[in-house]
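Novice: Let me begin by handing over the structure; questions about it come next.
Every read-out reported here was derived from the displayed coordinates using simple, explicitly stated rules and does not represent laboratory data. All values reported here derive from a predicted model rather than from experimental measurement. Reconstructed Cβ throughout: ideal geometry from the backbone, glycine too, with neighbour counts over all protein chains shown.
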Amino acid sequence: MNIFEALREDHEVQRTLADKLVETHGDSDARHEAFQQIKTELLAHEAAEERCFYKPLIEQDMTQTHARHGVAEHHEMDELIEELENTDYSSPAWLSIAKKLREKILHHLDDEEHTIFQLAGKVLNDAQKTQMASAYHKHMEERKAQYA
Ligand SMILES: [Fe+2]
Ligand SMILES: [Fe+2]
């Protein structure tokens, strides 16, 4: 497996969790559970992706700007996660922030898959793409254990 396949696989998980999040209602167990799941998945993915994918891309001229933009979007998603944590689960505001988060996630994943992956494909060799996938998986597992 290469890094693009590894990231795509987890992007699909995020898309599913984001859909699930906006289908929850009020201060329910389902909402708390869906939020916890997406929070863990998102934060672990961001950390592992920045460490194993963006860091080497930041070091290359062709990908530096896009990689930095990707990291900035991670921060925006973190802020929405934090906003959800500080908002009353039963208020209508909660769902509108959750919808904003879902839109941001979908936009970010498309951006990565359509723009950054194409450029990264040009600057990385096959051995790097495979190594990055193993490093990503290892880091992802460690982070998930830490956030769970
Ligand atoms: Fe990302
Ligand atoms: Fe990603």
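Novice: For Lys99, go through the lysines and keep the ones whose alpha-carbon is under 21 Å away, minus same-chain ones fewer than eight residues off.
Specialist: Qualifying lysines at Cα under 21 Å: Lys20, Lys39.
Novice: Continuing with the same structure: Rounded to whole Å and sorted largest first, list the principal axis extents of the Cα atoms in the chain.
Specialist: So the extents along the principal axes, rounded to whole Å, are 49, 27, 20.
Novice: Could you tell me which residue out of Tyr147, Val123, Ile58 lies farthest along the dipole of segment 50-148 toward its positive end? Charges go on the beta carbon: Lys and Arg +1, Asp and Glu -1, centred on the Cα centre.
Specialist: Val123
Novice: Follow-up question, since we're still on this one. Taking the Cα centroid of segment 2-76 and of segment 89-148, what is the distance between the two, rounded to the nearest whole Å?
Specialist: If you average the Cα positions of each part, the centres end up 3 Å apart.
Novice: How about Lys144: which aspartates and glutamates have a C-alpha closer than 12 Å to its C-alpha, ignoring those fewer than 8 places off in the same chain?
Specialist: Partners within reach: Glu41, Glu46.
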